[in-house]
1. Only one of these is free of Cβ contacts under 8 Å to residues at least 24 places away in the same chain, within 11 Å of ligand 2 (Cβ to nearest atom) and part of a loop (DSSP other than H, G, I, E, B): Gly672, Gly692. Name it.
2. So which residues in the range 10-63 are at pLDDT 85 or above and within 17 Å of Gly291 (Cα to Cα)?
3. List the number of the failed condition for Tyr525; all other conditions in (1) surrounded by fewer than 21 Cβ atoms within 10 Å (Cβ to Cβ); (2) in contact (Cβ under 8 Å) with a residue 60 or more places away in the chain; (3) closer than 17 Å to Leu374 by Cα hold.
4. Please return the ranges of strands (runs of 3 or more DSSP E) entirely within the range 553-656 where 1 or more residues are more than 16 Å from ligand 1 (Cβ to nearest atom) and more than 23 Å from Lys366 (Cα to Cα).
5. Considering (1) in contact with a Lys or Arg (Cβ under 8 Å, 6 or more places away or on another chain); (2) buried (at least 20 other Cβ atoms within 10 Å of the Cβ); (3) modelled with pLDDT under 90, say which one Ala92 fails and leave the rest.
6. Just need a number here: residues in the range 657-684 that are surrounded by 11 or more Cβ atoms within 10 Å (Cβ to Cβ) and more than 16 Å from ligand 1 (Cβ to nearest atom).
7. Being within 16 Å of ligand 1 (Cβ to nearest atom), surrounded by fewer than 10 Cβ atoms within 10 Å (Cβ to Cβ), of a type in the set (D, E, K, R) and modelled with pLDDT under 90 is true for just one of Glu691, Glu705. Which residue is that?
8. Can you name every residue in the range 462-497 that is part of a loop (DSSP other than H, G, I, E, B) and either within 16 Å of Val518 (Cβ to Cβ) or free of Cβ contacts under 8 Å to residues at least 24 places away in the same chain (or both)?
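The values are calculated or read from the model by the stated rules, or taken from the named source; none is laboratory data. Since this is a predicted model, take the numbers as computed values, not measurements. Glycine gets a Cβ as well: all are built from the backbone with ideal geometry, and neighbour counts include every protein chain shown.
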Amino acid sequence: MQSRRASNTGKTRFRILIVLSSLLILSILTGWFFHFKAGVVEKFIKIQAAQSNNTIFYDIKNQPFHIIRGQEDRKYKKLPYIHGNLQKSVIAIEDSRFFKHFGFDPIRITSAIFRLLKWNASVHGASTITQQLVKLTLLTPERTISRKVKELLMAVALEMEFSKKQILEYYLNKVYLGHRNYGVENAALNYFHKSARNLTLAESAFIAGLIKKPEGYSPYSDLNKARKRQVVVLKRLRTLNWISVKEYNEAVSEKILIRRRRESDLRMAAYFTNHILLQLKQKYGHRSVYGGGLRVYTTLDRDLQQKMEQTIAKRLQAPKSFEQVAGISIDPQNGFVKALVGGVDFSQSEFNRATQARRQPGSAFKPILYATALTRGLLPTDVFIDEPTPYTNLTLLENEEEELEVYEPTNFSNEHLGPITLSYALRVSNNVVSVQILDKIGISPLVRTARRFGINIPGQQGLCLALGCGETSLLNLVNAYTVFANQGKKNEPVFILRVTDSTGKILEEYKPQKALQVLSEDQSYQMNRMLQNVVNYGTGRAAKIDREVGGKTGTSDGYRDAWFVGYTSDLVTGFWIGNDDNKPMDGEVGGRTPARLWKALMQQLPKSERGQEFGINENFEDFEICDTSGKAATPWCPQKSWYPLKKGLEPIEFCDVHNEPNLEIQICRVSGLLASQYCPIEDIESKKFYEGTEPTAFCNIHTAEQHLQNNYSEEEHQQSTNSNYLEMEIY
Ligand SMILES: [Zn+2]
Ligand SMILES: [Zn+2]
């Protein structure tokens, strides 16, 4: 009995203890939560009230050239000024039980956590409007479970503080709707050029559909996709019975007129700015960039940028077989990107063809190959023979059989030049010799050197790498050429000099890095001279201006890309033309439009800004060299040019292909053949020939038969000769 009572008492005590401690924990938790809630609400109100700031981009002279407007207060719309169509469209597609839940939807949360655990998948669609508002204002967009729990508690906090309608109003003014549009009023003005209070049901469904994937469903990139998404929203409205069948049908068949966004006043250098913007968004988040009031000091040279844009615009007015153009100018001394054009119209396409597109550079890549050749000990005077050169490669197929692959490079002209020097091969952009050079030095050294130049190419593409089959961006290609203009030293491209917040606090600042010595000064000097020959006498002649210029043309297989990169000592500029869909161009090559764009741009610059003369390298001395034999030129060499030769390595031999002809024979002046006994003495002359090039047949004009004939009609013959002579004198 006693023990039973005791045990009963024990049980009761235990129960009381449990209840008490539960109450204690609950009150602690409640206390903590209210403290937490007060913090959340305070922060939320502060963010809500904060004057939204513009992000401003400055050029290298500290002048603003581009402003990204924050959410302006006048665009903030109270709920009565947002059409009911839009309100219910957004609620229907994003959170149909919005008015019933308390900030979170237990069923959706559970499934979201489950999905996160299982696939680490995206949890979009699981969030209520309140949770999304928390994400838009209070949290960074990380997707972790602890983040999810925090978001949930914050959502509850907001629900306790604000009414449903207030939360909806905040949300509709905050939500991101693509193309830098925050809030429904901005979006309505942007896509339909009307206020959010005047939207039709069809337009409302269109905007509501954008929330899930603002850029993905953008009508600017794919109108069909955007339309399909709009119908999804309308169907959802119909399923919920929030619209009638009649309203649904009318909305689906309503013709929607999508408008282009309005450009703001300061929107210069859109592609340049957007390139920086993408980096800033990653570093500082959307909110800092759009409305956070960043001050971004860049390397942009406004004059050069405008001139580049004008040069391109002018060319676009003429007949053309290409849709897109890109251009970049870099200061080789420090890597500052001074001008950048990523396409013909940023409002039509934000894809940056200067930085994001990777395409085949064709022969514009050859300077990297030739530079590698110099580092492997080859000389500009080394001779290669341009003749049909097939390369065979045995590959083992899956079925154990062997396949013989034959690669035989051809020249652009489809002709062969015979023996030529390495320098001359680069000047005329000879393909066969370029592949021979790569075959000689090996693919790995080329891949390694290219990487040092900032160009990553996969080695397995094989010998075609010599001809630029490895893809690269214009930015990387142009920056690679800065090495030649900068005595072999390479800087990384620089866009940003300084970023501050709106109070002037420095968030990041450019510090000059030590440039990487990619080529020795001597090798760089030799490359420089060879690339000047390309512009002076070779494929880049269209880019010739009133000072020393180095450069190289490039045309990819099938006329899909045409490039020219040219430089003076102070400025490296490259242009690319082509089509986004890779459609071949009509007869366009690097030496045409791209080289002409380059020249047109340079000629617009004041003479003082076109660049100084390249310096002289004391280790070298110029010699006139035969481009065929690579030895000292003789008066009989048909193709010769000045080569810088390293002192001590001067040529001691004269050209042995075009030396003085040493075979002296008597020929007939009239026929050009060997003189015979019938040739008149006054027609016979002594002439020098290279052995093997002398005529071998006897004169076929002064023959035995003719000799006899002439003797019979000597008088006649003399008369006719005389009359001929007279006529000649008269005329
Ligand atoms: Zn010669
Ligand atoms: Zn003769």
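1. Going through Gly672, Gly692 in turn, just one is free of Cβ contacts under 8 Å to residues at least 24 places away in the same chain, within 11 Å of ligand 2 (Cβ to nearest atom) and part of a loop (DSSP other than H, G, I, E, B): Gly672.
2. Thr55, Ile56, Phe57, Tyr58
3. Result: Tyr525 fails condition (1) only.
4. Working: elements: 561-567, 572-578, 620-626, 640-646.
Because the criterion is at least 1 residues that are more than 16 Å from ligand 1 (Cβ to nearest atom) and more than 23 Å from Lys366 (Cα to Cα), the strands (runs of 3 or more DSSP E) in the range 553-656 that meet it are 620-626.
5. Every listed condition holds for Ala92 apart from (3).
6. 18
7. It is Glu691.
8. Within the range 462-497, Asn486, Gln487, Gly488, Asn491, Glu492, Pro493 meet the criteria.
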